[in-house]
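Rule-based calculations on the coordinates, nothing more; no lab input. For clarity, every value in this text was computed on a predicted model and none was experimentally measured. We place every Cβ from the backbone using ideal geometry, glycine too, and count neighbours over all the protein chains shown.
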Amino acid sequence: MTGRTVPTKPKKQYWNEPRLGLWERVYLLEIVRGLSITGGVFFRNMWKWITGRKGALTAYYPEETRPDYSPNNRGRHVLTQRGDGKVQCVACNLCATVCPAYCIEIEATADFDEPAHPKSPTRFEIDYSRCIFCGFCVEACPEDAIRMVKDTPDLPGFDRDDMWGRKDLLMNWHPLTDPRKRYPPAPAVRDEEHRP
Amino acid sequence: MMQDLLVHGVYIAYVLAFLLGLATIFTWVERKQSAVMADRIGANRAYLRIPFTQVKLVWWGLFHGMADGLKMILKENFTPATYDRFCYQLAPWLAAVPVLLVFAVVPFGGEVQPARFFEPGSAAAEFFGDRSWRMQIASLDAGLLFVLAVSGVGILGTMLAGWSSNNKFSMLGAARAASQMISYEVAMGLALISVVVTYGTVDLFEMVQWQQQAAWGIVVQPLAFILFMTAAIAENKRIPFDLPECESELVSGYFTEYTSMKMGLFLLSEFIEIVVISALVVTLFLGGYTLPFLGPEGFALPGGGTWALSHLTVTLLQVLAFTAKVFVVGCFQIGIRWTLPRFRYDQLMDLGWKILLPLAAANLVVTAVVSWWLL
């Protein structure tokens, strides 16, 4: 009876402390409730499968892609084009530098007959087996030459060489056909002061 | 003598095919059922290609089990640097073999008289004579005791596996497994005693016959059914009770250090145990191989109508009824596995010792008093 009495800390009252009623305390009934929920979903979906409809929310991926990707989805890359259909990219390598997965490879060439745009890539390749779709390349690009569209690249395959996005994949898009992301008008006056 | 060998050889071959086949199918059911429950599609990539053609049989991913088995067999058998060689090799077998053995006393069909399958007077009919055999590998008088005794051996496999791997996670898993399985064995045994008192026998075949004459065990002993089912799932160490191997705490529990087919044997024994538990539940509580109104000579409906069936048809119906019941109960177990979250360890022990055991004891007392009153 004698001895030190240890002061007990009052138990903290949480605002969302779960309170079990008698119904929940008899665990069996709650099990039946849970089973009826999962079983209900199971039989509903099975009925859909049996009657030839699709009983799942997921897609059978490479064969079937979901139509409801957000327009903001960072999917496949595209290289924007100038009005005459030539590539906008100036092969500055900023995207390849910023890329955290080191998956962009650019080989540049020069065409001095075109003084406004002498440098352009002969080879612009993205290794989709390594790309993490972070969108840094889009952020880094000073020329708005690379963008991401919502559809996914045709990735799955048995050969890594097939997972390279080459220029033919990246160039099959023209900015004038995209109603949402219009080609930005060129700024009228260049802000010379902020040039380094 | 020769007849016995032949009949029991056929039984053993059938039971092995039944257990392993159904266990493999349950691995598929587990994947697909959980997928459909969660609005997913589920495993669907493995296929068999018909040789010399490009025809690929996918069959809703049914062949994933085969791919898994092949992978398990072909994988490197990696062993820890220091381990108890003998116990480490022995443990998977001690886990898997008792599970298979339990099925030896489970009747998967009624009395069969092979001579009646053939033309009367033919050589085959002469060979079998008028003898009849129960469709059961070993018709032991002490059937239920055999079940409890042999399934108790399975604990040794998990304990040895955890102890011989020389790994702390395995050790903890094995300690958990041992205490959990022993605790639930007590409740399971006590729940089964009330069943034994009701039926007045421990012979599983006679239990089924009792149920055919009176009523299914689930009607007579509903509480014992729930207790047995709970304890049996706990014995199987599957999800609401999978503390011995819970991935979030113990990597993979008692078989952390096992690879290739040795681990496959642990996984396979888990699925075989689903089949065995379902078979026991069906035999003890759901009328075993019997169908309502199905007698040895065909259906005898309560209105006085009869529908005579040949002996072969009746036998096939009984075997099919047993298989179908086992399949449904197995799917129910898988449904429980994908519905309930894992218990905490103290909750597990509380459930075993403070709820299941007193309930089983109370059920036994009530059963004893009632059957003393009635008899």
To the nearest 20 debye, what charge dipole does chain B have about its Cα centre, counting +1 at the Cβ of each Lys and Arg and -1 at the Cβ of each Asp and Glu?
-> 1040
Within the set of other residues whose C-beta is less than 12 Å from the C-beta of residue B:173, count the net charge using Lys and Arg as +1 and Asp and Glu as -1.
-> -2
For residue B:213, what charge total do you get from the other residues with a beta carbon under 15 Å from its beta carbon, if Lys and Arg give +1 and Asp and Glu give -1?
-> -3
Using the Kirkwood radius built from alpha carbon pairs, what does the Stokes-Einstein equation give as D for the stretch A:22-67 at 25 °C and 0.890 mPa s, in µm² per second?
-> 190
Counting partner chain Cβ atoms within 10 Å of every residue's Cβ in A:26-35, what's the average?
-> 3
Could you pull out every residue, at least 5 positions away or on a different chain, whose amide H is within less than 5 Å of the one on residue A:78? Hs are placed 1.01 Å off N in the peptide plane, and Pro or chain starts have none.
-> A:147, A:148, A:149
Angle between chain B longest axis and helix B:2-37 axis [Cα atoms, degrees, rounded to 10] = 50
Across the residues of B:37-43, average count of Cβ atoms on other protein chains within 10 Å?
-> 6
Built amide H within the under 5 Å cut-off of residue B:42, gap 5+ | none
Can you tell me the alpha carbon radius of gyration of the stretch B:1-135 divided by the globular rule-of-thumb value 2.2 N^0.38 Å?
-> 1.53
Net +/- balance of residues flanking residue B:12 in space, Cβ distance below 15 Å, scoring K and R +1, D and E -1 | 0
Per residue of the stretch B:60-67, in order, report the coupling 6.51 cos²θ - 1.76 cosθ + 1.60 (Karplus, θ = phi - 60°) as ³J(HN,Hα) in whole Hz, putting x for Gly and Pro.
-> 6, x, 5, 8, 5, x, 5, 4
Express in whole angstrom the spacing between the alpha-carbon centres of the stretch B:132-166 and the stretch A:1-62.
-> 35
Please turn the phi angles of the stretch B:335-347 into ³J(HN,Hα) values with the Karplus equation 6.51 cos²θ - 1.76 cosθ + 1.60 (θ = phi - 60°), one per residue in order, whole Hz, x for glycine and proline.
-> x, 4, 4, 8, 9, 8, x, 6, 6, 7, 5, 5, 5
Cα gyration tensor, the stretch A:5-86 - rounded (a/c under 1.5), prolate or oblate | oblate
When Cβ neighbours within 10 Å are restricted to other protein chains, what is their mean count per residue of peptide A:39-51?
-> 3
For the stretch B:228-375, projected area of the alpha-carbon convex hull averaged over all directions, nm² = 13.2
Inter-part gap, Cα centre of the stretch A:63-135 to Cα centre of the stretch B:199-260, in whole angstrom, is 60
Over the Cα atoms of chain B the radius of gyration and the largest Cα-Cα distance (Dmax), both in Å, equal 22.4, 72
Listed by chain and number, the residues whose amide H is under 5 Å from that of residue B:112, excluding neighbours fewer than 5 places away on the same chain and using placed H, are B:133, B:134, B:135
Which whole-Hz couplings ³J(HN,Hα) result when phi for each residue of the stretch B:183-195 is put into the Karplus expression 6.51 cos²θ - 1.76 cosθ + 1.60, θ = phi - 60°, listed in order with x for Gly and Pro?
-> 4, 6, 5, 4, 4, 5, x, 5, 5, 6, 4, 5, 5
